[in-house]
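Undergrad: Sharing a structure, written as structure tokens. Questions coming.
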Amino acid sequence: MQYARYKEKKLESDATDVSGRQNTEGSSVKWPTKTGHTAHELPPEYVDHESAETSTAGRPTVVQTWLFLTIWRKTALTALGAAAVSALVLACGGGSDAPATSTQPAASATAAIQASGPGTITVSFAAIRNQSGRVLLVFATREGGGPQLARLCIPITSNSFATTGIVMTEMPSGGDPCGATTAATSFPEGRYTLTAGIYAPPSQSPDKQITQTVEVKGNASVSLNGDALSR
């Protein structure tokens, strides 16, 4: 109550002094203060605690300052980390439009699978000249000799005669090489001798004859020299 009465009287007195004065020098108004104290040093009994609390509202507290410093530090560390990652990516070649170069070793070529086991023998000839009307006989035996295991009987129908891809077949019963049709011969794995000759029936001796060796590891193919059988 004492403070309230003092404040009321003081405001009335101040209002009277201000209204009666004219600031002719353009300076700010100097509000009267209680004798012996400045405007910022009122006696304890005149201190307006509510106003004092309000005056510090705009100042950051210790907790606010700590939070600000913590957030700033984390932001700075994040920025530094991002910069380091970017530098590492650039150093490793990242961010370039050039296609990446593979460092893996080139795949080696797969080795061809080596055939093995039994198989057939397929015979081809280049052109046989000037032997029209005669017969081409081909026999297969084991290398080093032995019985005839397979045959071909091919009539020559022109003076420039060629054959391709004819499979040797089993010997007919009775031993006639130009006898009945038989199945393809399956030769065991190994080496064989082919004997090819030009015959003029009913002669039993060839006019021209050649031999060639073939190895069977699975199905085998051979091309015989037609020039050596020509006239």
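Undergrad: Sorted by accessible area with a 1.4 angstrom probe, largest first, how do Ile121, Ile71 fall?
TA: The residues order as Ile71, Ile121, largest area first.
Undergrad: Also, quick follow-up: Please find the FRET efficiency linking Gln204 to Ser116, where r is the Cβ-Cβ separation and R0 is fixed at 41 Å, and quote it to the nearest 0.05.
TA: So, using R0 = 41 Å, E works out to roughly 0.60.
Undergrad: Output the peptides 157-168, 198-209 sorted from most to least packed, where packing is the average of other Cβ atoms within 10 Å over each peptide's residues.
TA: 157-168, 198-209
Undergrad: Would you kindly state how much longer the chain becomes between Ala183 and Ser132 on full extension, computed as 0.36 nm times their sequence separation minus their alpha carbon distance, in nm to one decimal?
TA: 15.6 nm
Undergrad: Expressed in nm to one decimal, what extension gain is obtained for the pair Ser173 and Arg142 from 0.36 nm per residue of sequence separation less their Cα-Cα distance?
TA: 9.2 nm is the gain from fully extending Ser173 to Arg142.
Undergrad: Okay, moving on. Each label point is 7 Å from the Cα along the Cα-to-Cβ direction; what then is the distance between the points at Thr157 and Thr195, in nm?
TA: 2.8
Undergrad: Would you mind counting up the charge near Glu143? Only other residues with Cβ under 10 Å from its Cβ, with Lys and Arg at +1 and Asp and Glu at -1.
TA: +1
Undergrad: Using 0.36 nm times the number of residues separating Lys217 and Arg231, minus their current alpha carbon distance, what extension gain do you get?
TA: 1.6 nm
Undergrad: Oh, and also: Count charges around Asp207 for me, please; just the other residues with Cβ under 14 Å from its Cβ, Lys/Arg as +1, Asp/Glu as -1.
TA: +4
The values are calculated or read from the model by the stated rules, or taken from the named source; none is laboratory data. Every value quoted in this text rests on a predicted model; they were computed, and no experiment measured them. With ideal geometry, Cβ positions are generated from the backbone for all residues, glycine too; neighbour counts draw on all protein chains shown. Heavy atoms of the whole protein, side chains included, go into the accessibility calculation; ligands, DNA and RNA do not. Shrake-Rupley method; radii C 1.70, N 1.55, O 1.52, S 1.80 Å.
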